[in-house]
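Report on the following structure.
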Amino acid sequence: VHADVPHQEVAFLDETDPISSPMKAKGIAELGLCGVAAAAANAIYNATGIRVRDYPITLDKLIKGLPELS
């Protein structure tokens, strides 16, 4: 789980990369973000009881998971 990931240090580079993105940012390791989407999906599941397994998690996907009204 994400809570088991050890402490990670963040390093900012002083140089920019005009080719990589419109923000001219250079990614060196996005591993620290790997659990964020899963944590958000689990929080949505805990709050609604609806498991969404594909991203992005949108309202229409949650509405499809709601039970039918009788």
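Things to note:
- Options Asn46, Pro6, Ser21, ranked by Cα towards positive dipole end of the chain, top entry (Cβ charges): Asn46
- Read-out volume of the Cα convex hull per residue in Å³, derived from the coordinates shown; its label in [x] 121; [y] 85; [z] 95: [x]
- In nm, spacing of pseudo-spin labels at Phe12 and Arg51 (7 Å Cα→C-beta vector): 4.0
- The chain: relative contact order in percent, alpha carbon pairs under 8 Å with at least 6 residues between: 18
- Within straight-line reach of Lys64, meaning a Cα separation under 20 Å, sit the following aspartates and glutamates at least 8 residues removed in sequence or on another chain: Asp54.
- Value at 222 nm in deg cm²/dmol, rounded to 500, when DSSP H runs of n ≥ 4 in the chain each add -39,500 (n - 2.57): -8000 deg cm²/dmol
- Seen against the Cα atoms of the chain and their longest principal axis, helix 36-48 is set at about 20 degrees.
Rule-based calculations on the coordinates, nothing more; no lab input. This structure is a prediction, so every number in the text was calculated from the model and none was measured. Reconstructed Cβ throughout: ideal geometry from the backbone, glycine too, with neighbour counts over all protein chains shown.
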